[in-house]
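Asker: First the structure, then my questions, so here it is.
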Amino acid sequence: MYADVIVSEDLLATQGEMLCNRVKKNMKRLRKWSAREGIECYRIYGRDIPELPIVIDWYQGRLHIAEYNRKHASGDCGGEAWLKTVVAMTALELGVSADKIYYKVRDRQRGQKQYQARGTEDNRFIVEEAGHSFLVNLVDYLDTGLFLDHRRTRSMVAEESSGKSVLNLFCYTGSFSVYAGAAGAANTLGIDLSATYLEWARANLEANELDRTRNRLRRGDVMEVLADIGRTGERFDIAVVDPPTFSNSKRMEGVFDIQRDHVALLSAVRAVLAPGGVVYFSTNHRRFAFDEPELSSLYGFADISKKTLPEDFRDKKVHRCWRLEENS
């Protein structure tokens, strides 16, 4: 946590009131929507006001707060004391007690740092999303186990999954596999390097009573596993590819960089697709440039980012997403 900026009590009160008013306005709209959609976790504030560069997510009556450790647009904010003071007013208005508020500082992450545990205690609990159950943890990791910005993307994959074979690369805690399996996929295969997150994915599959023989998980470097799948002849109708921006995990050879390596990655995915296969490819790298010339011989593609942006996200650049179709 960086050093606190000294802020006057009057300014703190003003900023707290600004945040409180915006969150109340957002919640009035989102509560009805979330109840209708069966969603217990959603974003209630996403850096809407430049003077208040924080993110607040609602997790079943708990507040998950993230402050971005960067130079703010205003020098009149920043630091732990400022953050907790402005949030406290909002929490009081929402009826959330102090023991249900969780604070994180998001810095620019490199490698596997973003996935490392912050503690050892298991603090997971189950939340519901559109009829599916997911275990989340607001304490021990920087990310919670469920990427809220890909809620619509999960639904889009599910809509195409019935009777299909689905490959879930960089599967994290397996949310896409859960959606696809519950939608009647013939089979799913989730791949990730992390034993911790694969165990979490297994727990999510079990929470949704999905057959483990049809919904498999495999630990390994994605490029190596794709090469192995290519040799076995197994093919997939749908592939979900949501890689990290950068990774230098000890379990993989070399360094993965999404900008430099996305063509090689998507070329390897193309080799394990069935005829007419579809790829959902996404990234949260804000300066990412999709290499259309290099990939045009392999795929037809469309940028579907706007379609995948959920109701509760105002940030239009929270992720980029493409739907690619195999060129037979």
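Asker: Yes or no: E224 without any contact (Cβ under 8 Å) to a residue 60 or more places away in the chain and either among the charged types (D, E, K, R) or within 30 Å of D99 (Cβ to Cβ) (or both)?
Answerer: yes
Asker: Scan region 24-45 for residues that are in contact (Cβ under 8 Å) with a residue 24 or more places away in the chain, within 18 Å of D315 (Cα to Cα) and more than 22 Å from the chain's Cα centre (by Cα) and jot them down.
Answerer: Selection gives nothing.
Asker: Scan region 140-183 for residues that are modelled with pLDDT of 95 or more, in contact with a strand residue (DSSP E or B) (Cβ under 8 Å, 6 or more places away or on another chain) and aromatic (F, W, Y) and jot them down.
Answerer: Within region 140-183, F170, Y172, F176, Y179 meet the criteria.
Asker: While we're looking at this one, here's another question. Hey, does region 306-328 have a residue that's over 22 Å from R154 (Cα atoms) and surrounded by fewer than 12 Cβ atoms within 10 Å (Cβ to Cβ)?
Answerer: Let us first name the residues in region 306-328 that are over 22 Å from R154 (Cα atoms), namely 327-328.
Subset that is surrounded by fewer than 12 Cβ atoms within 10 Å (Cβ to Cβ): 328.
Yes - at least one qualifying residue is present in region 306-328.
Asker: Continuing with this model, one more query. On the given criteria, is R270 basic (K, R), touching a strand residue (DSSP E or B) at 6+ places or on another chain (Cβ under 7 Å) and closer than 24 Å to S165 by Cβ? Can you show your working first?
Answerer: Details: basic (K, R): yes; touching a strand residue (DSSP E or B) at 6+ places or on another chain (Cβ under 7 Å): yes; closer than 24 Å to S165 by Cβ: yes.
Yes, satisfied.
Asker: What are the pairs with Cβ atoms under 6 angstrom where one residue, in region 253-281, is touching a residue at least 40 places away in the same chain (Cβ under 8 Å) and within 20 Å of V157 (Cβ to Cβ) and the other, located anywhere, is assigned to a helix (DSSP H, G or I) and not hydrophobic (A, V, I, L, M, F, W, C)? Sequence gap at least six, or different chains.
Answerer: Once the first residue is touching a residue at least 40 places away in the same chain (Cβ under 8 Å) and within 20 Å of V157 (Cβ to Cβ) and sits in region 253-281, its partners that are assigned to a helix (DSSP H, G or I) and not hydrophobic (A, V, I, L, M, F, W, C) give V272/G230.
Asker: A further question on this structure: Being in contact with a helix residue (DSSP H, G or I) (Cβ under 6 Å, 6 or more places away or on another chain) and modelled with pLDDT of 95 or more is true for just one of H319, H262. Which residue is that?
Answerer: Only one candidate qualifies: H319.
Condition check ((1) closer than 30 Å to A203 by Cα; (2) at pLDDT below 85; (3) assigned to a loop (DSSP other than H, G, I, E, B); (4) in contact with a strand residue (DSSP E or B) (Cβ under 7 Å, 6 or more places away or on another chain)) across all residues:
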site	(1), (2), (3), (4)
W33	yes, no, no, no
V55	yes, no, no, yes
V96	yes, no, yes, yes
K104	yes, no, no, yes
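Asker: Looking at A264, A268, which is the one that is of a type in the set (A, V, I, L, M), loosely packed, with under 15 Cβ neighbours inside 10 Å, on the phi < 0 side of the Ramachandran plot and not in a loop (DSSP other than H, G, I, E, B)?
Answerer: Numbers: A268 fails: loosely packed, with under 15 Cβ neighbours inside 10 Å.
Only one candidate passes the filter, namely A264.
Asker: In region 131-186, what residues are surrounded by fewer than 23 Cβ atoms within 10 Å (Cβ to Cβ) and touching an Asp or Glu at 6+ places or on another chain (Cβ under 6 Å)?
Answerer: Result: K164, S165, F170.
Asker: Follow-up. Residues of region 287-328 being within 21 Å of D57 (Cα to Cα) and in a loop (DSSP other than H, G, I, E, B), which ones?
Answerer: L309, P310, E311, D312, F313, R314, D315, K316, K317, V318, H319
Asker: Additional query: Got at least one residue in region 244-251 being under 15 Å from F176 (Cα atoms), touching a Phe, Trp or Tyr at 6+ places or on another chain (Cβ under 6 Å) and assigned by TED's automatic domain parsing to the domain that holds W322? Working first, answer last.
Answerer: Taking region 244-251 and keeping what is under 15 Å from F176 (Cα atoms), we get none.
No - not one qualifying residue is present in region 244-251.
Asker: Quick test of your reading of the structure: F256 fulfils all but one of (1) crowded, with 20+ Cβ neighbours inside 10 Å; (2) within 21 Å of the chain's Cα centre (by Cα); (3) over 30 Å from M27 (Cβ atoms); (4) at pLDDT 95 or above. Name the failing condition by number.
Answerer: In the conditions (1) crowded, with 20+ Cβ neighbours inside 10 Å; (2) within 21 Å of the chain's Cα centre (by Cα); (3) over 30 Å from M27 (Cβ atoms); (4) at pLDDT 95 or above, F256 misses (4) alone.
Asker: Yes or no: D211 in the same structural domain as D291 (by TED's automatic domain parsing) and surrounded by fewer than 19 Cβ atoms within 10 Å (Cβ to Cβ)? First the steps, then the outcome.
Answerer: Numbers: in the same structural domain as D291 (by TED's automatic domain parsing): yes; surrounded by fewer than 19 Cβ atoms within 10 Å (Cβ to Cβ): yes.
Judged against the criteria, D211 is a match.
The values are calculated or read from the model by the stated rules, or taken from the named source; none is laboratory data. Bear in mind the structure is a predicted one, so any value in this text is a computation, not a measurement. Counting neighbours? That spans all protein chains shown, and the Cβs are built from the backbone with ideal geometry, glycine included.
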